[in-house]
Amino acid sequence: MMDLGVALSLIMFVVFLALILIGYNVAFSFASTALFFSFIGNLLGVFDPNTLNVLPGRWFGAVSDSTLLAVPFFVLMGAILERSGLAERLLDAIGMLLGPLKGGVAAAVVLVGTLLAAATGVVAATVIVMGLLSLPTMIRLGYDHKLATGVIVASGTLAQLVPPSLVLILLAQQMGVGILGLFAGALIPGLLLSGFYALYALGISYLRPGYGPAMPPEERALTGKVLALEVLFSVVPIILLIIGVLFSIFQGIATPSESGAVGVLGALTLAVLAFYFDKILIRAGATHINPRWRLTPKAMSEAARSTANISILVMTLLFASSFFSLMFLQLGGSDATADFLAGIGGGKTGFVIVAMIAVFLLGINLEFLEITFIVVPIFIPAMDTLGFTIQEKIWFTVMMAVNLNMAFISPPVGFSLFYLQSVAPPEVKTADIHKGALPFMALQGVALILLAAFPGIVEFSHDLFVAAK
Amino acid sequence: MSENGSDPDVTAVAEELLEEFTRHREAEPIDVPGGAKGFLYRLRIGIEAVTSATGRVSLILVWVVFLLGLFNVVTRYIARFIQQDIIVGEIFDLQWMLFGALFLLGLNYGVREGVNPRIDFWWAAFSNKRKAVIDLVIHVFLFLPFLVMAIRILWSYSLSGMGRSFDGSWSTWKVWEIWEQSTDAGGLPRGPIKLLMLIGFILMATQVVAEIIKQILVLLDREDLAGVAVYEAPLRVE
């Protein structure tokens, strides 16, 4: 006979899923279901409403959490780079640089996806920008549609994994592992995944004629000195900015939020400098650009708007989900799930396998925010029971992030696929986008298995970047 | 990588698309009727004027938080350099408090702009009326009661943070003498930010009332008054 409270908490979870599936606002669904079940639980005598008085303290804890202070800075940094058009220039320059190779434009998309992932950490924006700019080019050059679309969705989704990413900040906050450690642990796995993508794109273009033809000479708008300058001005500064931000976090020179603040300053500076760089390019004989002031009031207010929106979104979800997880805990659902997860058998291995399957299945329908706020609080008690160390938690969290990447491009409902569909030219069939994602999902699966088999990869990455204390 | 390099139009298209993903536009009503519908409409417009105002404050606070963050880094660096403490504790506290103000004053704005995601698997195919029914029922019977509960429990929490004693009396009109002090050395008082939590939830509740009005107006066949002719698409942040 199941305990009444546990049964209620499971029903609560099902009702929550039902509410969000009919399309009710996710954050509001959290709060609404929790309120309803606190009422029912009180009627049935399994919940004491006085417990609700701990909520303000929890909310205040979220408001004063200095981990979350990193959110607005990193979002703002990325939004400035994107709204001022620097992200586009980056794609342009790398495309021209790698275009002459077979499969080169696809490899450029991977490279830019990785850099934008690090700089912006926002999947929707990255996929849309790359879909608008690179997809038409690749189609004109005669790339296979499946390769062209697959590479865009896969690289755009890297934003979830490559630090400094919003996903990692929130996962760190929920897991209680520290941003620094998680960033460091995720860096090499992220680069590994992007290396897989690039090798796949180049490899298949060489092996199968017609998959990714080289850019013919007449398409190469930039050559020689102008190309070199373009790379110097559009690519190098962004790479330096990212390295600087990550380096200062890893070396303990600055906290993540401080680095974020300096990163914003860096992004603003690059947006200002872009105007002068363009003038130099024109003087060097470039004809492909039209120098304009990048840091327009519109770009700045749009960037602030994205930042405010995302901060509000994250905190609303956090307020609502902390009520939900409080109810889940009070009704006994957390303990029951933890006992269940810890008692699957196979100890940590069994737990990791079940957890990964659960995250993948949820990830197809939900986005990372919901998963982070629903699933992680449920996992933590089980992980504590099983005796996960901080290192192991970081490893597990990185695997979760890779897993979410996979869920995000899984046809037919992965979110990245929708973003690309919304900007793809009409000759690109939806079926091609879906089929195109499959090889990249396979690569992510390989990465996931590698990480599971060799936890040392994450540990190595962590120890390599974090200065010894 | 279009032939002529970076084409400025692409930025514009991308911005439009992102806007489509993130915002809904309001269609101006042709005529405002009298009676109950007119009253509801004017009430909604009134509430949303407040929402817009606090939303603008949020946008400004983004830059303030950034500048303060930068100032914090600089003072920390200088303090290390000259080996003397400057005003680090206060600045750090002020920083998270202003970030708190940013999203607490933006809670209502977030509700209106639909920044919180929906799963639009089935939602996208629903008619506006069905959407309105779903939202109306859950808003009225579950979400608004949650907000009322939250405001009730925050009320005593926030006001005691501001210096109200447990029997409900205010021992002095100079609240800043008795409001909750920070436990950290050099920290700022916690009272005001706790009060902002209460204010944030109250603002959120007012905007939810405005949302309920919108849904009633949609069900009364006055979508033009509801300003939801174009229902918001979900925002996906990743």
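Values in this text are rule-based calculations from the coordinates and carry no lab data. Bear in mind that the values here come from a model prediction, so they are computed numbers and not experimental data. Positions of Cβ are backbone-derived with ideal geometry, glycine not excepted, and every protein chain shown enters the neighbour counts.
Structure above, values below:
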quantity: Hull volume in cubic angstrom per residue (convex hull over the Cα atoms of segment A:94-244); calculated: 100 Å³
quantity: Least to most buried among B:Ser127, A:Ser155, A:Ser416, A:Ser234 (fewest other Cβ within 10 Å first); calculated: B:Ser127, A:Ser234, A:Ser416, A:Ser155
quantity: Selected from A:Leu8, A:Val75, A:Asn42, residue furthest toward positive end of dipole (segment A:1-154; charges at beta carbon); calculated: A:Val75
quantity: Normalised alpha carbon radius of gyration of segment A:62-126 [divisor 2.2 N^0.38 Å]; calculated: 1.38
quantity: Residues of type lysines that A:Lys393 reaches as a straight line, Cα spacing below 26 Å, ignoring anything fewer than 8 places off in the same chain; calculated: A:Lys348, A:Lys469
quantity: Under 25 Å from the Cα of A:Lys279 - lysines, other chains or at least 8 residues apart; calculated: A:Lys225, A:Lys298
quantity: Within chain A, helix-based [θ] at 222 nm, where runs of 4 or more DSSP H residues each add -39,500 (n - 2.57), nearest 500; calculated: -25500 deg cm²/dmol
quantity: Segment A:235-355 - Rg and Dmax from Cα coordinates, angstrom; calculated: 23.8, 71
quantity: For segment A:345-469, convex hull volume per residue from C-alpha positions, Å³; calculated: 132 Å³
quantity: For chain A, convex hull of alpha carbons as volume per residue, Å³; calculated: 149 Å³
quantity: Dipole of the protein assembly as shown, positive direction: furthest Cα of B:Gly110, B:Val148, A:Ala358, with charges on the beta-carbon; calculated: B:Gly110
quantity: All lysines inside 23 Å of A:Lys429 as judged from Cα atoms, apart from same-chain residues fewer than 8 positions distant; calculated: A:Lys146
quantity: Normalised alpha carbon radius of gyration of segment A:192-257 [divisor 2.2 N^0.38 Å]; calculated: 1.65
quantity: Within 10 Å of each Cβ in A:438-444, the average number of Cβ atoms from other chains; calculated: 0
quantity: Per-residue Cβ neighbour rank within 10 angstrom, fewest leading, A:Ser325, A:Ser66; calculated: A:Ser66, A:Ser325
quantity: Sparsely packed GluC sites (Glu not before Pro) within segment A:377-469, loop by DSSP, other Cβ within 10 Å at most 14; calculated: A:Glu427
quantity: Least to most buried among A:Leu81, B:Leu142, A:Leu10 (fewest other Cβ within 10 Å first); calculated: A:Leu10, B:Leu142, A:Leu81
quantity: Axial C-alpha extent at least 24 Å, average Kyte-Doolittle at least 0.5 - helices from chain A (DSSP); calculated: A:4-21, A:26-43, A:123-140, A:179-207, A:256-283, A:297-330, A:347-365, A:368-386, A:390-408, A:430-453
quantity: Segment B:38-143: Rg to Rh, with Rh as the Kirkwood radius over Cα pairs; calculated: 1.21
